[in-house]
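All of the numbers you see were taken from the coordinates with simple rules; none came from a lab. In this text the structure is predicted, and so the values were computed from the model without any measurement. Because the Cβ atoms are built from the backbone with ideal geometry, glycine has one as well, and the counts that use them run over all protein chains shown.
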């Protein structure tokens, strides 16, 4: 084994494939390889190797340089650097286990730390023999050789760091301290620090290296702190008077002036000293505070912080190589004996191993950087086969990186560093790829990730030499840049590691989630998507909760975004094909038409619930992605895959809504749900159904504006159809509750009718506001921005028309139900009205029964209906009542009922009207009321009064005329206390009655009604011949009683006639009228009246007279009227 160099032996260990199960076998193999030859073989091999390489240049070099690369003490001349370097390389290359073992034993025997004692030395020798696996015979031979070597040259390295609370020595209360240090055995050779002026807490941080020629363990280091006093004149001393501090300071200054004036001396003053024995210094060195002393005085003089370390002289290259190999052997022994698991060893050696390591570093004079770089090389090599804790590498990088940064890329240290990086990086990326292999509750995975990212962060900040290939394809086949011309760096490798790990995990769950692809139902395919997305979302949630902060804090990387972007394309590919296939398999439903003749059975229909669940999951997943990533996402366009599914959902929603509405109506007891409202459970249930549809639409949240309008328009139409369906079914339900029995029983109005009407009206009123909650206005606005405002207005108009048509249809349904109620109430009302008008005896209770019936019905209506519906049903009842009244009037006219019958009927109607006034609510059908009452009043008049009514109508017609073809008549009239003073003045433009175009006219005045003026005679003027503008100018005094004068509706009838030539008869020209009421208004003023002829028109008064065929007075009047009308 000895003929192999040590680097090659250790490289054999590091190159073996890592397998935990083979760890012991590998170590044993190494042990066997080291021990299979005896001591003699090793020594002979080593000597043979030396002999084979011996030649004159080599002999000369060995006489100048020691085996460890240092210059021989017997050589007193300079040695060229090239010779030193070539010798160091040769030693490093040919170094064997026995060579290193001999050097370690030599260092143990010449321990320069405080740990040196016989017991410690024996323990270390036993440990190193076990660690190196050296047989006893060989061990004894090497020990003897190590003891015969000359001792190493030891140096004491001292760093004076700072002092605190020093004693004041100057008059200003301060001191100007500096440090002097020397070895007690050589007090003449002193080392001084710089002076720190005017301070009691100086900071030096200065280094010194003192050679130790005698026994290092018996040596003592003396450290003194002095106050520096500069050479000054008396004048300069006096000038310091202003800087004096206190009486003591003044005393010092005066003493200094006196000394300077007398002798001119300026001696430095000792502040204090410390004596340090070198045997108290451990091999690893120490940093400690020492109290300053002076003589036996116990007064505090301050303290000094000093760093101390011992080192020996050795060639650095050889020392570093020895240290690397030593670390490898010690670590291999540590792992073998402790049987520690992968990633658990964090750099803490056993006490003996640590002492050997630190002793070698001290005697080799290795700097912290040299030790750290050696550890980096050794640990990264062992890490390839037995994984070490990443904290170890992270702490080493903290020491190495700041120095490596400023080194040239071709230096050996840089090459060593990057060689270690190449060995370490694969395991770092394994951690990134295998983050999912352990539960996040395991704190070790979080800790490992932190350490790995710290390592990668520190490495990526360094410039990689061009000669270093960090990512060879043979090791990093998963990096995508290896297949391209792009250059791979740490950042891209991190992303590729994350993506590769994600890809491996996704492939695993894709295969594990889908048991079989054969004979899968659509629902099973969708459940597979749900499960897959849930697992991916859980992974993203885990990343956001545990890893995002770590990645961003360490290397400013959005870990979750990288995961999401990778999942995005993969899930889009998987989900699209399945969803489109499932949607294409959906069968079209037979949705009921507007007649609602039947409702389809949904028992065997695919409800699309799982498909909708997939939609919602994808929607939430995309929302998560939009919050994580700024890039466009493939899954963001998932919604077109569901277009056919959305149509199916809407069809199912309308069918289910109609079925639920029907069920709600069937189960409705038609009782108010509570005292505060006037509608029943079916109305509440229907609105709940509408609310579910609204929730569905809000969950759908269709992003594409045109599709959104199409779907929401269908939802609006479906809601309107549901409202109409509810009204129709509720109307049928209430019609079946109360059936009208035989004609002898009255219709009893129940609360169910009123609740049904309220329900229908409640749904109708709620519909517009409910539809508004579907955000239709926002959709229309977006449509206008996407298309044009004109197209948006057309769409808005279409939806508005649909809503208005539904509201009109439902209102008509309510009105129709109200009309049904009114029609059912009509027969008893009609019977009670007829009986009340026919029977006038006191013992008749027809009117009482009518009022009781109306009061009971109206009370029920008023208490149960809301205000609007109560007003509607009043209008409906009154409308039906008007039909009844017209029917009664017409039928009794045909029966030639006396006026008293109609008078009674009118009184009955007035009583009913008073009953209809409840609170502030009155019937609104005033026009119908006025017509009926006026007709009843006419039919209740006597014949004479009816004729007089006709003349009153003629008076109103006369007043409305602006001109007349028959001319005008002018009179004056004045009512006096005794009667009437009437003057007939003239006539104008009389209608010519003779063949010569003129007229022989006179005026005849009579009073109406004749029954009121029986004792008065008719007055007339003289005849004025052949003049169409006669001037009568005749005055008449007519005596009237007070009662006659006070009758305001009394009339004066002026008849203008043409005198016949033979005086046998007079021809009627025209007539005019004036009332006593008008006479009072004018009082003697001229009154011009248009002349007119009575027309036999469709007058209410004439119609009433015509029905009195058996009345002679009416008959004669009508005959006379006809003659005058057609004269």
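Quick notes
- Cβ crowding within 10 Å, taken as a proxy for footprinting-reagent exposure, orders 801, 970, 1041 from fewest neighbours to most as 801, 1041, 970.
- Taking 663, 570, 895 and counting other C-beta atoms within 10 Å, the order from fewest to most: 895, 663, 570
- Order by protection proxy (mean Cβ within 10 Å, highest first), peptides 459-469, 555-565: 555-565, 459-469
- Theoretical gain in end-to-end length, residue 913 to residue 701 [0.36 nm per residue, Cα-Cα removed]: 70.7 nm
- In this structure, residue 537 and residue 489 have a Cβ-Cβ separation that, at R0 = 35 Å, corresponds to a calculated FRET efficiency of about 0.65.
- Here the label points at residue 1106 and residue 845, each 7 Å from Cα along the C-beta direction, are separated by 4.3 nm in the simple model.
- Rounded if a/c under 1.5, otherwise prolate or oblate - the range 303-359, Cα gyration tensor axes: oblate
- Residues 190, 155 arranged by fewest to most Cβ contacts within 10 Å: 190, 155
- Here the peptides 335-343, 749-757 are ranked by packing, the mean other Cβ count within 10 Å, and the order with the highest first is 749-757, 335-343.
- Spacing of the two label points (7 Å from each Cα toward its C-beta) at residue 900 and residue 279, in nm: 15.8 nm
- Normalised by the number of residues in the range 963-1098, the mean separation of alpha-carbon contacts (under 8 Å, six or more apart) gives a relative contact order of 32 percent.
- Residues in the range 300-337 that a label on residue 408 would reach, taking backbone N under 18 Å of a point 7 Å out along Cα→Cβ: 317
- Gain in span if fully extended, residue 1025 to residue 591, counting 0.36 nm per residue against the direct Cα distance: 147.1 nm
- q = 0.09 Å⁻¹, the range 777-900: log10 I(q)/I(0) [Debye, one scatterer per Cα]: -0.47
- Solution diffusion estimate, µm²/s, Stokes-Einstein, the range 514-638, Kirkwood Rh from C-alpha pairs, 10 °C, viscosity 1.306 mPa s: 94 µm²/s
- The relative contact order of the range 1037-1127, computed from alpha carbon pairs under 8 Å that lie at least 6 residues apart in sequence, is 21 percent.
- Relative to the current alpha-carbon distance between residue 879 and residue 287, full extension at 0.36 nm per residue lengthens the span by 201.7 nm.
- Rounded FRET efficiency, nearest 0.05, which uses the C-beta distance separating residue 859 from residue 766 and R0 of 30 Å: 0.60
- Put a dot 7 Å past the Cα of residue 805, heading toward its Cβ, do the same for residue 268, and the two dots end up 11.2 nm apart.
- Calculated FRET efficiency for the pair residue 930/residue 891, C-beta based, R₀ 22 Å, to 0.05: 0.55
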